[in-house]
1. From Cα pairs below 8 angstrom and at least 6 apart in sequence, can you work out the relative contact order of the chain, rounded to a whole percent?
2. Enter the angle in degrees (range 0 to 90, nearest 10) between the Cα long axis of helix 234-247 and the first principal axis of the Cα atoms of the chain, meaning the one along which they spread out most.
3. Longer than 25 Å from Cα to Cα, which of Lys246/Lys311; Lys640/Lys669; Lys143/Lys212 are they? Say none if no pair is.
4. How big is the dipole moment of region 131-215 about its Cα centre under a simple scheme where the beta carbon of each Lys and Arg is +1, that of each Asp and Glu is -1, and everything else is neutral? Debye, nearest 20, please.
5. At 7 Å along Cα-to-Cβ for each site, give me the label-to-label distance between Asp375 and Thr163 in nm.
6. What distance in nm separates the two pseudo spin-label positions at Glu605 and Thr682, each 7 Å out from Cα along the beta-carbon direction?
7. Please report the accessible area of Thr188 (heavy atoms, 1.4 Å probe, ligands and nucleic acids excluded) in Å², nearest 10.
8. Would you mind checking the tilt of helix 184-197 against the longest principal axis of the Cα atoms of the chain, expressed as 0 to 90 degrees and rounded to 10?
Amino acid sequence: MTSSHRRARARSSGFGVRGVLVIGGALAVLLAVLIGWFTLAPGRMGRAEAAEATARAEALLKADNATGARDLAAEAVRGDPDNENAHIVLARALLALQDGVGAEGEIQRAVDAGYDAAAVPQWRAEAWILQGKTDKAPAEADKAPQKLRPYGLRIRARALTATGDYAGAQNALDQALHLAPDDAGVWTEIARFRFAAGDLLGAAEASDRAVKLAPGSVDALVVRGEVVRSQYGLVAALPWFEQALKRDPARHAALIEYAATLGDAGRAVDALAATRRALAARPGSPQALYLQAVIAARAGSFDLARSILDKTGGAIDELPGAMLLGGTLDLEKGDYEQAIEKLTDLVGMQPMNITARKLLAVALLRTDRARNAIDMLSPVVARADADSYALTLAARGFERIGDRDSAARFLDRAAFPATGEATAFSADDSTATLAADAARRPSDPAATLPLIRALIAGGDRAGALARAQDIAARNPGAAGAQVVLGDMLMLLGRPADAAAAYRRAADLRFDEPTLLRLVDALDRAGRREDAANALALFLSQNPVSIPALRLSAHWQLAAGDYDAAIDSLEDIRARIGDGDAVLNAELAAAYAGAGETGTAVDFGEAAYGLAPANPAVVDAYGWALFRGGDKDGALELLQKAVILAPRHPGLRWHLAQVYAALGRKAEAKQHAQAALADPGFTDRAAAQAMANG
């Protein structure tokens, strides 16, 4: 062997020895790290530490911090997989966090580890309910041990409520209350049941009792927040959800309700932050993603809303809100067939959802199915209070099928500045059939309402009123029953009595439809101040309600408070855009009243371009021109407005003033007298002076 070969082999042998030493040292270090991780890592505690962690987890659970309890119990389970108590505490924490699948698994592991199988049926039943397995949950809940019997009855009631067996659920809750009259969990379940059944007064009483018995109960606080939101408004509900989140900052259910309430109250940034917290607590949460999609859609970011909604993976596609949002996004993108499919399903679920019907009609019109669109709009445009958009859609449908007369009739209605009183959808079945159904279920509003509609349609208003009074008396805690009575009283021309019924409804559920009815009844009863107070209270709780803001702005304009009206109207415009003719017309009137005639003319022109046949729009544009000095242009427009609506005293009075400014006294007197002929006309002194001049 040559010397060079020997040196090469020596180098090779030296590398091998050093390599083995290096690799061996690395393995030793790795082994030491692994031993240290297994012995020192927090998730790998010994049996004694696991038992202590289990006790602390149970204390957190009793303090209603289910998230903390879950995390600590999970550590205990990892440290001692045979600790049956750790498994059951983890299962209970998962139930509180509404993880039915995880809870069922931990219950079984607890039993396998030695936990008494006879002690778990009520928890297993609750886990099944969370998974939607409501059919076998009641029987399992009935197996609860005696000391947990109230708990089992609560779960039985929850399952029966989900299947629509309200009588059975009520019976179970009555038994639970008898066994545990001061159990906050029982009262929370009662509140949840009554809320689902529409007994808002009973829900309010039960939820109030629950939070008094257990001020730190997250479930009780969340249910109380939901009830308060319905009863008093969005802003009033927020502190209840915030209080729940102080107890358990990562509680998903509380975060979702909090985010939804913030979003509806116009606090989009805060709502988005709450949805992110919900996603951190439950990655991929469909509810949180849906709320983020709604926030994006409200901001006009439709592509973003669509991409976020897609991330839900169809988990919430069957929920009405998701169906409406999905249909809207499909319509905006031009995917009309998809929009039609979703919105058709939604209308099938909610036949009286007017928004869904209008959106579906748009999609049908854009796919050349005009007759289907007309049919979809038929129950909407048959109402005296049909809005101009629905009427215009119906007119376009009739134009498409060549029925020009019907199209013109609906366009005339759409152009008129005021709508009629609200009415109910007509009934499909005969009065005799509906009466028989109502007789079988005398205390069920759902059975009586169709009968009331049928009686109204048949001209039997006295019979309809008697039925409405009966159902309101039988259901004093149901807002809908009080609203039906109020509607009947309004139909009979008794606004003061109707206002009392609407007030009772508002005490139970202070939402937009109830507010608008209450304000209208009070106003018609000559109680404008009370109506204004009710409106102000509603806006304090629901600051971004467009119908309430529009009504407030309308009253500010009528009262001559032009600066306030401008602020309100501009706020609305920032939210809904520039495509509303009536909004532009009111802005024109407000700016004209404030002396900003250039801006008034611009808004008047924009309104006229959108709705040249609407007399209120024509009047607003003409009056803006008049205030800006263009008397001839104003005269032409105001004459047109009066031709379109000859019996409107306000239009007559504006035209009278233009005639007077042009020196045409005879015409001015004529129109002033026409305005005075209406007893509702308010500017009587000035008009009287002109008429006598």
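The values are calculated or read from the model by the stated rules, or taken from the named source; none is laboratory data. From a predicted model like this one, the values you see are computed outputs, not experimental measurements. Please note: Cβ atoms are built from the backbone with ideal geometry, for glycine as well, and neighbour counts cover all protein chains shown. Surface areas here come from the heavy atoms of the whole protein model, side chains and all, with no ligands, DNA or RNA. Shrake-Rupley method; radii C 1.70, N 1.55, O 1.52, S 1.80 Å.
1. Details: 1039 pairs, mean separation 38.0, N = 693.
This gives 5 percent for the chain.
2. 10 degrees
3. Result: Lys246/Lys311; Lys143/Lys212 exceed 25 Å.
4. Numbers: 12 positive and 11 negative charges, 56 e Å.
I would put it at about 280 debye.
5. With each label point 7 Å from Cα toward Cβ, the separation is 3.7 nm.
6. With each label point 7 Å from Cα toward Cβ, the separation is 3.1 nm.
7. Probe radius 1.4 Å; accessible area of Thr188 about 10 Å².
8. The answer is roughly 40 degrees.
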